[in-house]
Amino acid sequence: MQTLLTHIKQLLQVRDTPIHKVSGAEMANLPLLENAYLLLENDVIMDYGKMENAPSLEGMNVVDCSGKIVLPSFCDSHTHIVYAGNRSGEFVDRINGLSYEEIANRGGGILNSAKKLNETSEEEIYEQSKKRLEEVISQGTGAVEIKSGYGLTVEGELKMLRVIKRLKENYPVAIKATFLGAHAFPMEYKENHQAYIDLIISEMLPAIAKENLADYIDAFLETGYFSVEETIQIMEAGKKYGLTPKIHVNQFTAIGGIKACVDHGALSVDHLELVTEDDIEALKNSDCIPVALPSCSYFISIPYTPARQLLNAGLPLALASDFNPGTTPSGNMHFVVATACIKMKMTPEEAINAATINGAYAMDLSDTHGSITRGKKANFILTKPLHSYYEIPYCFATNLIESVWLEGK
Ligand code: NIG
Ligand code: FE
């Protein structure tokens, strides 16, 4: 079955030659076609071009896109969509003056979500999580990474990863699963970190590998959470099972974690609200991509990732939502793109590159997702009538999406 979208006002992120990611100065360029057509066959992009060269409409399912913009679906490379309940109580505690750290020290934070998760059935977690996945799909996400990390027990982590697997089977979006057993130390291991790390390495990882439940391994490399040395143990153990590291690092403190991640083959380093010159040097000439999570900075009032500093150093950057119950109860990638422009001084071109092709790279999906390229998945967003794509970040709180297309439908 062929579908022809005609008279598209702007067809964004058109890449004839497949690329994996865009870096530094190149991110300022967002290739596009004006007054374009887009031809789909089943679930893939067959062709595109200027309207004057469009194929005959005969026998086609034709969609008139006059005045509307088409861009590839957002590729959200960092989320924690699977969780139980929520933490709106802590949200109010923060309004009343407590910090994220103070809440965590009282047994709130990640441990609060872990308690809820372990008390909730797999079925119920699936029901709650699928609503969030459906929400982000309706907001334009066409590929998403989802982490475990609210189990912190063998059974809890397996339960989360099985829910991710079910979501993957039941929804037409690409889903990558990340094992984040090293998200926080459970109370009973506060004084014996090595015992929890041993549990991750000798019990969780083999059980996860046996059911083939994860693609990546993550850890919260942060003062008060996992040290550089502890994270190295986790990364190396994950790699033995074929799990590439994608690491939470430099959210609150810079303790040399980024270099360790690069040295141990991480695909991405995520958060980076704090960045040092040494961190930048470590990332140069590596395949590891920094990932910024501006909705998290917005929600818990911490600094934004210094995007300009990273881009000026020639590094690539991806944008992701961090959708989770504690620091970012939203997976809205339109808001992420707008916030990156408004608060991080990224241009619309840079932010759209970061949320599409570079997000795809951060989940090893750039062969199939992240750009309008012949042969790639027909996953894209059709906007309401707009004058220019500048209006995407500009209208930061308006729903600009007319329809989302996944696998050509
Ligand atoms: O990416 N920083 C660590 N993990 C999550 C938040 C976890 C939570 O508070 O539940 C994040 O922000
Ligand atoms: Fe996160």
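Derivation of every value follows stated rules applied to the coordinates shown; laboratory data play no part. What you are looking at is a predicted structure, and each value in this text was computed from that prediction instead of being measured. Note that each Cβ is placed from the backbone with ideal geometry, even for glycine, and that neighbours are counted across all protein chains shown.
For this structure, a couple of remarks:
- The stretch 270-283 - residue that is of a type in the set (Asp, Glu) and over 19 Å from the mean Cα position of the chain (by Cα) and, of those, surrounded by the fewest Cβ atoms within 10 Å (Cβ to Cβ): Glu277
- Meets criteria (away from ligand 2 (no atom under 16 Å from the Cβ), among the small types (Gly, Ala, Ser) and in contact with an Asp or Glu (Cβ under 9 Å, 6 or more places away or on another chain)) for Gly257: no
- The single condition from (1) within 16 Å of ligand 2 (Cβ to nearest atom); (2) over 30 Å from Glu102 (Cβ atoms); (3) surrounded by fewer than 24 Cβ atoms within 10 Å (Cβ to Cβ) that Ile302 fails is (2).
- Residues (more than 15 Å from ligand 1 (Cβ to nearest atom) and either more than 21 Å from the chain's Cα centre (by Cα) or on the phi > 0 side of the Ramachandran plot (or both)) located in the stretch 254-263: Gly256, Lys259, Ala260, Asp263
- Extreme residue, nearest to Ala360 (Cα to Cα), among residues of the stretch 284-304 that are hydroxyl-bearing (Ser, Thr, Tyr) and under 18 Å from the mean Cα position of the chain (by Cα): Ser295
- The residues of the stretch 112-154 that are assigned to a helix (DSSP H, G or I), within 16 Å of ligand 2 (Cβ to nearest atom) and touching a helix residue (DSSP H, G or I) at 6+ places or on another chain (Cβ under 8 Å), listed by number, are Asn112, Ala114, Leu117, Ser129, Val136.
- One residue stands out in the stretch 316-343 among those that are β-branched (Val, Ile, Thr) and closer than 17 Å to Asn399 by Cβ: the one that is surrounded by the most Cβ atoms within 10 Å (Cβ to Cβ), namely Val336.
- Checked against (1) over 26 Å from His183 (Cβ atoms); (2) within 16 Å of ligand 2 (Cβ to nearest atom), Asp322 passes all but a single condition, namely (1).
- Just one of (1) out of contact with any Lys or Arg (no Cβ under 8 Å at 6 or more places or on another chain); (2) part of a helix (DSSP H, G or I); (3) within 16 Å of ligand 2 (Cβ to nearest atom) fails for Leu310. It is (3).
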